[in-house]
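Data first, discussion second: the structure below is written as C-alpha cells.
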Amino acid sequence: MSVEPVTLQKLPTDLSVNRLPKHVAVIMDGNGRWAKNQGKPRIIGHQKGVDALKDLLRCCKDWGVPALTAYAFSTENWGRPSTEVQFLMTLFERVLRRELEEMKEENVKIRFVGNLAGLPDSLRQEIDRSMEDTKNNLGIQFTVATNYGGRQEIIQACKAIAAQVKQGDIEPEQINEELFEQHLYTHGIPNPDLLIRTSGEMRISNFLLWQMAYSEIYVTPTLWPDFDRVEFHKALATYQQRDRRFGKV
Ligand code: IPE
Ligand code: IPE
Ligand code: MG
C-alpha cells in the first residue's frame, strides 16, 4: 500500500467546500488496458480497479462529497468472454463479503442499481444483505451500477407506469418527470452533478441516461486503476471552474 500524501487526506485548500458536487458518478474504464500495459491478464486490472474504487469512496467521505455512484458492469458487458464475466461476478461477490463490515463501521449506505434479477443468485444474496445491513446508515451514499443499462432502466420504468395506467390507478396526463423518476432504479438518489470517465473515451456507454441530463462531464486519459486522489482533485478543480447554466443565461 502506498502512503497517502498528508495534504490529500483532507479537502485540498484550493477547492471550495461550498461548491463541491453533491453526487459524483464514475465510469471506471481502462482496467483491461492498464493490465495489458503491465503485460498482465485483464483480470489483474479489475482487481486493481477495486482498490481504486475503495480509495475514491473513502476520499469522498474525507473530503465531504456525500454521494458516489460507480458503474461496475453494464448490460452490454455480458458480451465479453465468459471467463471474464465470471471472474467479475465472483470478484463483486468476494469484495462485497470482505468489505461489508468496514462499510457498516464507516456509516456507508450502499445501494445497487440495475437489473439485479439477472445476476447470479449468490451475488444477489450478498447484494441484498449489504443493502439491508446498511439501509439506515446516514454517511456517504454509495451506489453501484451492476447489470445496469440506461435504456433498460427507462424501459422498465415505462412498463411499470403503463401497468398503472392499465389498472386505472393513474391517468396518462398524470405522467410527469417526477412520477417517472419514482420508477427509476435511482429513485431517492440525487442526479449526478459530475460524471468522471477514465481512459479517455468520450462516451457515456448507456450509463444514467435520464439522470445525466445536466451533469458536468470530465474525461481523463488516466486508466481507472491509476485514478487516485491527485486525479480526483483535478476533476473537482475542473468542476468548480464550470459555469452550470441549466439552459439559462
Ligand atoms: C472497465 O474496464 C471495467 C468494466 C467494464 C467491468 P475495461 O474492462 O472496460 O477496460 P478496457 O476498456 O478494456 O481497458
Ligand atoms: C463502460 O465501460 C461500462 C463500465 C465501466 C462498467 P465499457 O468498457 O464497457 O464501455 P465501452 O465498451 O468502451 O463503451
Ligand atoms: Mg472499457
Point to revise | Rounded accessible area of residue 246 (nearest 10 Å², 1.4 Å probe) | key: 100 Å²
Review point. Largest first, what is the accessible-area ranking of 78, 63 with a 1.4 Å probe?
Key: 78, 63
Review point. Largest first, what is the accessible-area ranking of 113, 249 with a 1.4 Å probe?
Key: 249, 113
**Study point:** Assigned charges on the beta-carbon of Lys, Arg, Asp, Glu; the range 151-246 dipole about Cα centre (debye)
**Key:** 300 debye
Review point. Ordering 71, 214, 185 by how much accessible area each has at a 1.4 Å probe, largest first, what is the list?
Key: 214, 185, 71
Point to revise | GNM top mover of 69, 90, 13 - the chain, alpha-carbon springs below 10 Å | key: 13
**Study point:** Cβ charges +1 (Lys, Arg) and -1 (Asp, Glu), total dipole of the chain, debye
**Key:** 580 debye
Check your understanding: Does the range 52-186 come out rounded, prolate or oblate by the C-alpha gyration tensor, with a ≥ b ≥ c the root eigenvalues, rounded set by a/c under 1.5 and, if not, prolate when a/b is larger than b/c and oblate if not?
Key -> oblate
Check your understanding: Between residue 9 and residue 129, what length in nm is gained on full extension when 0.36 nm per residue of separation is reduced by their alpha carbon distance?
Key -> 40.2 nm
Exercise for review: Grab the chain and count how many Lys pairs have their alpha-carbon atoms under 18 Å apart, sequence gap of 8 or more, or different chains.
Suggested key: 17
Check your understanding: Once a ≥ b ≥ c are taken as the square roots of the eigenvalues of the Cα gyration tensor of the chain, is the result rounded (a/c under 1.5), prolate (a/b larger than b/c) or oblate (a/b not larger than b/c)?
Key -> oblate
Practice item. For a label point 7 Å from the Cα of residue 62 along Cα→C-beta, name the residues of the range 214-236 whose backbone N is under 13 Å from it. Key: 228-233
Point to revise | Heavy atoms of residue 124: accessible area, 1.4 Å probe, square angstrom to 10 | key: 70 Å²
Review point. Using only helices, what value at 222 nm comes out for the chain when you add -39,500 (n - 2.57) per DSSP H run of length 4 or more and divide by the total residues, to the nearest 500 deg cm²/dmol?
Key: -13500 deg cm²/dmol
Practice item. Heads up, I need the accessible area for residue 142: 1.4 angstrom probe, whole protein in place, Å², nearest 10. Key: 10 Å²
**Study point:** Residues of the range 185-218 with amide N under 16 Å of the 7 Å Cα→Cβ point at residue 243
**Key:** none
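The values are calculated or read from the model by the stated rules, or taken from the named source; none is laboratory data. Since this is a predicted model, take the numbers as computed values, not measurements. With ideal geometry, Cβ positions are generated from the backbone for all residues, glycine too; neighbour counts draw on all protein chains shown. Each accessible area value is taken on the protein alone, full model and side chains, heavy atoms only, with ligands, DNA and RNA left out. Shrake-Rupley method; radii C 1.70, N 1.55, O 1.52, S 1.80 Å.
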